[in-house]
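Below you'll find the structure, written out as structure tokens, and then a few comments.
Read the figures in this text as sums done on the coordinates, not as results from a lab. Remember, predicted model here, so these are calculated numbers, not experimental data. Glycine also receives a Cβ, built like all others from the backbone with ideal geometry; neighbour counts cover every protein chain displayed.
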């Protein structure tokens, strides 16, 4: 730790307050809004199918829900790990300070997990679980018997009720997902001491970047899982996903440019040090990774792939690459917000550096683990609650046994 | 005096011995008086609602000796490393070209080295910094669990046993006055030496300032040195635009100070 | 499927949520510290824990109580108001156990320069030395008594204290003028600089003694007509006398 800081000392330019030698929020806090954004984005995508009746997205509906859940489970972990006293974290629920954005986030998170995601998934899968509990054997049968919480009624009326409630929850879920990630933006945007963070646009920029990253994530997961399951991808679904991804990128990029232009034009006290930071410390992650690789290149390739005349094979490839680049770009966005906000001194007179550790609780390996963990959870969830369109259980006495019930 | 061997003390001898020993009897009671001095008044008598503290800093008087930063570390057992400070001293040098150079090597504790480069000095001065004990503290606003708070006498304190170490308060402080204690893993900051205040003592930094550049006292007391300081000086607070309402007032602070 | 007209799903979920909320309520009752919220959104006991912190600096008053023989002369000297613990270090232990813990004193040359080494950022007039040139190798205490730090002999040069001004003047057109050419310096100023201040000129005519048209000075001295040259202003409103660059 000490040696890390000592080497850091040599890279400091200008003057920083002595207490600023240590960067307080490291890569784990970069991961946290990244994961939360994926949750919100995936959920909003799922709601498109459910509430706005975008039927071509039906193959990814359940996949989006499960992905959102898997990532939501992991989202608070980086926060927890970075705490000085993780064993005291429960205090946030015992004595939350109502004026603290961070304390309120605990409740937004709990609301979103318990009331929105879990409930929606439960109502959506209840019928299937009841049927699977009759088909499966052994442990799985036992699990499927418990999960419906004793409500084994699969009459048409009951399923209709499930669908109705599911729809209501999704409608509640959309503002909740907006709230979830908008709130993460507010945690940063409300810090008036930090000119890089303090901006009313922050929650909105966070929200749209969340939608971008969520759609791209589902695009990737859908393509990869379908490939491994040796099924054919639904091209209309992919096309629709790509379209939405494109629109979201355009809105996101416009908002961020707006923020940038406004700052540049207003040219407040902080502009000198911020421009210095962008042109030196953040050049790679902001200009190259976030703007060029993460926004402009995917935007161009999506336009070209979606509206150009391409064979499906090429088109899928282009979508895939664009989605991967978007992930890199959004991760850089989070990096630039969280790390960038701490690279300059609040005296506005100097820049410091962030030295990342490889090992340790706040190191690179831990970060990698936290980024892979949701995928493992998603794998397990997909074993428990198969999200594939062809694995949905059919109710035998129903004349329309698939999703068309709704 | 000669003492007669084996004879009982005469009344006169006894009195003489007593009078000689009198100065030393004081020593018997010394620990009690010392404690009374150290602890000023009984803490039970202390009524936080009757106090409202603030600090004044006279930049024209600061000689940049760094004794305040040194005493603060010794009084409050602040880690010795040069990146944990409850108070520190900055040196400002404004060149004739209008460029500002600021430094604070080890918070000023070891003095300020001669500048090797030749800056053409226009003005130069020292600025002691510490927690501004804001009346509208952003650190308290953001603490998720209520582990940092303004006490009833307006001093912003940290609850070491309750702080979760999320460091949101450190991010929210515009003055860089907070740090994460490297051993305790909780937020740490200046307390105005609260443990001294309640015993009627001055904060350690004020106590040791050799030029009285730091002035401490009650805002509401006519006779307090702080009142006098506020009456006779044009004072400013740091970063007033952020509406934190600091209770550390600077006299003679240059526009470059931030 | 109905009990009292409520769907089973709702009943089952209501049951689960009731348990969770009840658990949270019970946990709050059990785990919130008892003193939390007494005065505000914090643990009132935390204030007592802060107060319980050990004191290291005893304070000036405590020192005076016993060491009045040092205090009295010191309070009349230039080190008036300099707390004992500035140099002797934290001494609360000494107050509690005078014999067991005796505070030290800095006797080496390194300590005094923390305040008195020349540094242009220090306020003008604060006594400073250039440590490398000032009797190298000697401990400060051989000549100066820190409890009554009179100068062994009064400095002959004004620059001993007013170095910044002297440095400026040295490179100016006024380099050859002695400070006392313009300033009247009472003798007392050398001993108690703050109590007997040196006087500076107050009238334009003073500068005119050299710079007026008819002044009896060298030919290379710049001349002005006192009547027409910026008549409403005092000379030093525009020309800094220690570096009187005229444009």
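Show me the three semi-axes of the equivalent ellipsoid for region C:2-51, from the C-alpha gyration tensor (sqrt of 5 times each eigenvalue), largest first, rounded to whole Å.
With the √(5λ) rule applied to region C:2-51, the semi-axes are 42, 9, 6 Å.
For residue A:52 and residue A:114 in the same chain, what is the full-extension length gain: residue separation times 0.36 nm, less their Cα-Cα distance, in nm?
Taking 0.36 nm per residue and subtracting the Cα distance, the gain is 20.0 nm.
Each label point is 7 Å from the Cα along the Cα-to-Cβ direction; what then is the distance between the points at residue A:375 and residue A:12, in nm?
In this crude label model, residue A:375 to residue A:12 measures out at 3.9 nm.
So how do B:86, A:229, A:145 line up by other beta-carbon neighbours within 10 Å, fewest first? It would help to have the intermediate numbers written out before the result.
Details: B:86 28, A:229 11, A:145 16.
Placing the least packed residue first, the sequence is A:229, A:145, B:86.
Rounded to a whole number of µm²/s, how large is the Stokes-Einstein D of region B:49-251 at 4 °C and 1.567 mPa s, given Rh as the Kirkwood radius over C-alpha pairs?
Here the translational diffusion coefficient equals 74 µm²/s.
Between the helical axis of A:202-228 and the dominant principal axis of chain A, each derived from Cα atoms, what acute angle in degrees is found, rounded to the nearest 10?
Compared with the principal axis, the helix lies near 50 degrees.
What FRET efficiency comes out for the pair residue A:250/residue B:122, r = Cβ-Cβ distance, R0 = 60 Å, nearest 0.05?
Result of the calculation: an efficiency of 0.75.
Could you give the distance between the Cα centres of region C:56-83 and region B:138-203, to the whole Å?
Cα centroid to Cα centroid, the span is 32 Å.
Under the Kirkwood approximation applied to all pairs of distinct alpha-carbon atoms, what is the hydrodynamic radius of region A:220-264 in Å?
With all distinct Cα pairs of region A:220-264 included, I get 12.6 Å.
Once each part is reduced to its C-alpha centroid, what is the distance from region A:260-338 to region C:84-156 in angstrom?
For region A:260-338 versus region C:84-156, the Cα centre distance is 60 Å.
Label the protein assembly as shown by shape, choosing from rounded, prolate and oblate, from the square roots a ≥ b ≥ c of the eigenvalues of the Cα gyration tensor; if a/c is under 1.5 it is rounded, and otherwise prolate applies when a/b is larger than b/c, oblate when it is not. Before the final figure, lay out each step's value.
On the way: a/c = 3.32, a/b = 1.77, b/c = 1.88.
Cα axes put the protein assembly as shown in the oblate bin.
How big is the Cα convex hull of region C:1-156 in projection, averaged over all directions, in nm²?
Mean shadow area of the hull around the Cα atoms is 20.1 nm².
At 0.36 nm per residue, and after removing the present C-alpha to C-alpha distance, how many nm does the segment from residue C:181 to residue C:54 gain when stretched out fully?
40.0 nm
If you count the DSSP beta bridges with both ends in the protein assembly as shown, what percent of them are antiparallel, to the nearest 5?
For the protein assembly as shown, the DSSP antiparallel bridge percentage is about 85.
When chain A is modelled as a GNM with alpha-carbon springs shorter than 10 Å, which of A:21, A:307, A:186 fluctuates the most?
Taking springs between Cα atoms under 10 Å, the residue moving most is A:307.
Residues of region A:238-280 with the amide nitrogen closer than 12 Å to a label point 7 Å from the Cα of residue A:304, along Cα-to-Cβ, please.
Inside the label zone: nothing.
So how long is each side of chain A along the principal axes, counting just the alpha-carbon atoms, biggest first, in Å?
75, 57, 36
What is the average number of partner chain Cβ atoms found within 10 Å of a Cβ in A:113-123?
1
Kindly express, to the nearest 10 degrees and within the range 0 to 90, the angle between helix A:58-74's C-alpha long axis and the longest C-alpha principal axis of chain A.
50 degrees
Set the Förster distance to 60 Å, then compute FRET efficiency between residue C:99 and residue C:202 from the Cβ-Cβ distance, nearest 0.05.
According to the calculation, E is roughly 0.50.
Most exposed first by the Cβ proxy, i.e. fewest other Cβ within 10 Å, how do C:131, C:18, A:352 rank?
In increasing order of surrounding Cβ atoms, one gets C:18, C:131, A:352.
Using a Förster radius of 41 Å, what is the FRET efficiency between residue A:384 and residue A:257 based on their Cβ-Cβ separation? Nearest 0.05, please.
That pair, residue A:384 with residue A:257, gives E of 0.45.
Hey, how many Å between the Cα centroid of region B:70-119 and the Cα centroid of region A:60-78?
48 Å
Could you grab the relative contact order for region C:9-136? Cα pairs under 8 Å, six or more apart, rounded to a whole percent.
The value is 14 percent.
At a threshold of 8 angstrom on Cα-Cα distance, excluding pairs fewer than six apart, so keeping six or more, what relative contact order does chain A reach in percent?
RCO, chain A: 29 percent.
Please report B:88, A:122 as a ranked list, fewest other C-beta atoms within 10 angstrom at the top and most at the bottom.
Lowest to highest Cβ neighbour count: A:122, B:88.
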